[in-house]
1. What percentages make up the Cα-Cα pair-distance distribution of the chain when the bins are 5 Å wide from 0?
2. Once the piece of chain linking N100 and S120 is laid out straight, how much longer is it, given 0.36 nm per residue of separation minus the C-alpha distance between them?
3. Where in region 45-87 does the amide nitrogen come within less than 18 Å of the point 7 Å from the Cα of E127, taken along Cα to Cβ?
4. Across bins of 10 angstrom width beginning at 0, how are the C-alpha pair distances of region 1-83 distributed, in whole percent?
5. If you look for lysine pairs in the chain that are eight or more places apart or on different chains, how many of them have Cα atoms under 24 Å apart?
6. Rounded to whole Hz and in sequence order, give me ³J(HN,Hα) for region 64-73 from the Karplus expression 6.51 cos²θ - 1.76 cosθ + 1.60, θ = phi - 60°, writing x for Gly and Pro.
7. Using a Gaussian network for the chain with springs between C-alpha atoms less than 10 Å apart, which of these wobbles most: L27, L56, L66?
8. Which loop trypsin sites (Lys or Arg not before Pro) in region 1-84, with loop taken from DSSP, have no more than 16 other Cβ atoms within 10 angstrom of their Cβ?
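Quick note: the coordinates plus some simple rules give every number you see, no bench work behind them. Here the structure is a predicted model, which is why all the values come from computation and not from measurement. Don't worry about glycine lacking a Cβ; one is built from the backbone with ideal geometry, like all the others, and counts go over all protein chains shown.
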Amino acid sequence: MTPAALLAQGVAELRVALPAGAEAKMLAYLDLLLKWNKTYNLTAIREPRKMVSHHLLDSLSVAGYLPDGSIADVGSGAGLPGIPLAIAQPDRPISLNDANQKKAAFLRQAVIELELKKVSVVNQRVEEWRPEPLLDCVISRAFSELADFLS
């Protein structure tokens, strides 16, 4: 199965309503991730079909459970789950936070190329970050142990 077919099947199984053009934008994000991953090692997964299930669909699986309002994706890394959520919900303000300069550079480029109008990138340690105004929800995929994340 192609990455596009796997994505379409997974989105249908998750029952996630996507806006027009979202699946194409997610596949463009995967292409960008594959390109940058060669230089910056953003993810250990390098096979596009696995990226669909392990990155895109995994990120989208929480979409229906998030409260309304803005989101902070802490320790965003390659933009997961923030970028797939931003593509799925383009009117939601999302802040992608990562302290690593190279990852933040990738995130900025992805935001530009994917035309994610409501997404901002914060290149700062989360312990030092004081967003104004405060965000409504904080999410993380692989930032730290739960106890460390909560503190």
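1. 2, 9, 21, 24, 22, 14, 7, 2, 0
2. Working: separation 20, 0.36 × 20 = 7.20 nm, distance 1.52 nm.
Contour length minus the Cα-Cα distance gives 5.7 nm.
3. 74-76
4. 16, 52, 28, 3
5. Lysine pair count for the chain: 21.
6. x, 10, 7, x, 5, x, 7, 10, 10, 9
7. L66
8. Numbers: sites: R15, K25, K35, K38, R46, R49, K50; in loops: R15, R46.
Hits after loop and neighbour filter: R15, R46.
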